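S.K.: Before we start, here is the structure in question, set down as structure tokens.
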Amino acid sequence: MSGRRGVTLLEMLIAVVLVSMLSVGMLMAMRTATQAYERANDRLMSNRRVAAAQLILERQIAGVIPTTTACPGTPLRVPFFQGEPTTMRLVTSYSMEEGSRGLPRLVEFQVIPGERGGFRLISNEYLYSGPASLLGLCVGLVADPLLNMQRPLFRPVGAGPRSFVVADNLMSAQFFYRRLSNDGTEARWLPTWAGDVL
């Protein structure tokens with residue numbers, strides 16, 4: 001009987017330990033791969049959200065409808081466009097709800113603090129029914145030392161229940177406006193839109 005072959009307890013323990021180590025190694029590799037996939041997917045979704053926000057802004061700015069409004073303190077009509085570091089207000093033919101097929105809209109963009117830190121870009125859209133729908137938005141004229149001229153002062157943009165979040169969790173957000181020199185050869189980027197009173 002002593003010639004029978006079998007597996008000793010030590011050999012069995014070594015086999016179990018090896019299989020366990022292989023299993024742990026495979027699980028760790030799968031976990032690392034899953035985390036890498038999730039990070040890549042999060043970055044892709046973030047890039048898509050930024051690209052979508054940029055596309056919305058580009059289309060709405062490209063669809064600007066030049067219009068004027070009355071402003072207290074001056075008998076002249078002023079161009080209706082509010083361009084400040086954290087606020088932009090304009091009339092456009094492009095709507096987020098209806099695209100370029102819709103009716104003209106008064107669009108307001110505002111940068112506000114985010115709920116989880118950072119910043120959030122929100123947008124409000126209102127139906128534009130002609131210059132009368134803009135009355136009351138301009139509250140007067142203010143001297144701008146950076147531009148060395150007077151510019152319209154508009155009522156603040158507010159966030160409300162109908163506000164649409166265009167972009168969220170931004171590290172920073174600010175609007176800049178390009179102004180050409182008088183001869184059109186040199187451009188400067190300014191934090192305030194350089195509109196002239198008509």
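S.K.: If I filter segment 29-46 for residues that are at pLDDT below 90, aliphatic (A, V, I, L, M), in contact with a strand residue (DSSP E or B) (Cβ under 9 Å, 6 or more places away or on another chain) and under 29 Å from Asp168 (Cβ atoms), do I get at least one hit?
M.R.: Among the residues of segment 29-46, not one is at pLDDT below 90, aliphatic (A, V, I, L, M), in contact with a strand residue (DSSP E or B) (Cβ under 9 Å, 6 or more places away or on another chain) and under 29 Å from Asp168 (Cβ atoms), which makes the answer no.
S.K.: Also: Criterion first (over 25 Å from Pro156 (Cβ atoms) and surrounded by fewer than 10 Cβ atoms within 10 Å (Cβ to Cβ)) does Gly102 satisfy it?
M.R.: no
S.K.: Please verify whether Val91 is modelled with pLDDT of 90 or more, more than 19 Å from Pro191 (Cα to Cα), open to solvent by 50 Å² or more (accessible area, probe 1.4 Å) and not aromatic (Phe, Trp, Tyr), treating the condition exactly as stated.
M.R.: no
S.K.: Here's a check for you: in segment 120-136, which residue that is touching a residue at least 24 places away in the same chain (Cβ under 8 Å) and surrounded by fewer than 18 Cβ atoms within 10 Å (Cβ to Cβ) is nearest to Arg59 (Cα to Cα)?
M.R.: In this case the residue turns out to be Leu127.
S.K.: In the list Pro156, Pro191, which residue meets the criterion of being in contact (Cβ under 8 Å) with a residue 24 or more places away in the chain and exposed (fewer than 13 other Cβ atoms within 10 Å of the Cβ)?
M.R.: Only one candidate passes the filter, namely Pro156.
S.K.: A follow-up question, please. Would you mention how many residues in segment 49-71 are closer than 24 Å to Leu170 by Cα, open to solvent by 40 Å² or more (accessible area, probe 1.4 Å) and of a type in the set (Gly, Ala, Ser)?
M.R.: Selection size over segment 49-71: 3.
S.K.: Continuing with this model, one more query. Would you confirm, using the coordinates I've provided, whether Pro85 is modelled with pLDDT of 85 or more, closer than 19 Å to Trp193 by Cα, touching a Pro at 6+ places or on another chain (Cβ under 8 Å) and loosely packed, with under 12 Cβ neighbours inside 10 Å?
M.R.: Criteria not met by Pro85.
The values are calculated or read from the model by the stated rules, or taken from the named source; none is laboratory data. Note that the structure is predicted; figures quoted are calculated from it, not measured. Here the Cβ is made from the backbone with ideal geometry for all residues, glycine too, and neighbour counts use every protein chain on show. Please note that ligands, DNA and RNA were not included when accessible areas were found on the heavy atoms of the full protein model with its side chains. Shrake-Rupley method; radii C 1.70, N 1.55, O 1.52, S 1.80 Å.
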